[in-house]
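What follows is a single structure, written as structure tokens, with notes after it.
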Amino acid sequence: MLERLVAYVARMFSRKAPKRLIGRPRTRHHCPFYGFHRMGNGMDVMFLDQDGNECALDRDYSPCRMETGGETPNWERCPLNAGENVKKVRRLIPIAIVFPNEFRPLGERAESWGGIPLKDWMAYVAEDNTPPSASRHHTE
């Protein structure tokens, strides 16, 4: 999946794949909304990487409820993955773009690259997204 995301970023720039990314792939929690801040409404929704524990489903800054409750963040077990939120997330999947810092091409400003579609980001974090050189227990 990592190779697919790097190729996607390259296609967004319509040139060769970037040789270096701003950061290196890192282990992410199995939640596509963990560590992001949501911006925008309607058909223009973005999730911006905050390198923290913010939950993008909350419109104001709010830390991950699971983490503050002593649990490891995981979308499948998240209390926000229920009821009306499920419908809201389904509406976001085809329109939202995610901007994870580790996939931003080196030398590009955050606002000058196209980000990654939410559906691809969700697939990436749902998999074992631990980079080959990282420890299985490493979660930055």
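The values are calculated or read from the model by the stated rules, or taken from the named source; none is laboratory data. Keep in mind that this is a model prediction, so the values were computed, not measured. Neighbour counts are summed over all protein chains in view; Cβ atoms, including those assigned to glycine, are modelled from backbone coordinates with ideal geometry.
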Considering residues that are closer than 18 Å to MET122 by Cβ and outside any loop (DSSP other than H, G, I, E, B), the number found within segment 40-69 is 7
Residues within segment 74-99 that are farther than 15 Å from ALA56 by Cα, out of contact with any helix residue (DSSP H, G or I) (no Cβ under 9 Å at 6 or more places or on another chain) and charged (D, E, K, R), tallied:
2
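Take the conditions in contact with a Pro (Cβ under 9 Å, 6 or more places away or on another chain) and modelled with pLDDT under 90 and apply them to GLU84. Does it pass? Step through it out loud before you land on a result.
Details: in contact with a Pro (Cβ under 9 Å, 6 or more places away or on another chain): no; modelled with pLDDT under 90: yes.
Judged against the criteria, GLU84 is not a match.
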Quick one: VAL98 ticks every box in (1) of a type in the set (Val, Ile, Thr); (2) surrounded by 14 or more Cβ atoms within 10 Å (Cβ to Cβ); (3) in a loop (DSSP other than H, G, I, E, B) except a single one, so which number is it?
(3)
Any idea which of (1) touching a Cys at 6+ places or on another chain (Cβ under 9 Å); (2) not in a helix (DSSP H, G or I) is the one GLU76 doesn't satisfy?
(2)
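Can you confirm whether segment 101-108 contains a residue that is part of a strand (DSSP E or B), touching a residue at least 40 places away in the same chain (Cβ under 8 Å) and in contact with a Pro (Cβ under 7 Å, 6 or more places away or on another chain)?
If we filter segment 101-108 for residues that are part of a strand (DSSP E or B), which is where we start, we get 105.
Those still in the list that are touching a residue at least 40 places away in the same chain (Cβ under 8 Å) too: 105.
With the extra rule that they be in contact with a Pro (Cβ under 7 Å, 6 or more places away or on another chain), the set shrinks to 105.
Looking through segment 101-108, at least one residue is part of a strand (DSSP E or B), touching a residue at least 40 places away in the same chain (Cβ under 8 Å) and in contact with a Pro (Cβ under 7 Å, 6 or more places away or on another chain).
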Which residue pairs have Cβ atoms closer than 7 Å, lie 6 or more positions apart in sequence or on different chains, and pair a first residue in segment 56-73 that is of a type in the set (D, E, K, R) with a second residue that is surrounded by fewer than 14 Cβ atoms within 10 Å (Cβ to Cβ)?
ARG65/PRO79
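For (1) loosely packed, with under 15 Cβ neighbours inside 10 Å; (2) not hydroxyl-bearing (Ser, Thr, Tyr), each residue gets a yes or a no:
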site: PHE36; (1), (2): no, yes
site: GLY40; (1), (2): yes, yes
site: ASP44; (1), (2): yes, yes
site: ASP51; (1), (2): yes, yes
site: LEU57; (1), (2): no, yes
site: ASP60; (1), (2): yes, yes
site: THR68; (1), (2): yes, no
site: GLU71; (1), (2): yes, yes
site: GLU76; (1), (2): yes, yes
Modelled with pLDDT under 90 and within 24 Å of PHE103 (Cα to Cα): does that describe MET43?
yes
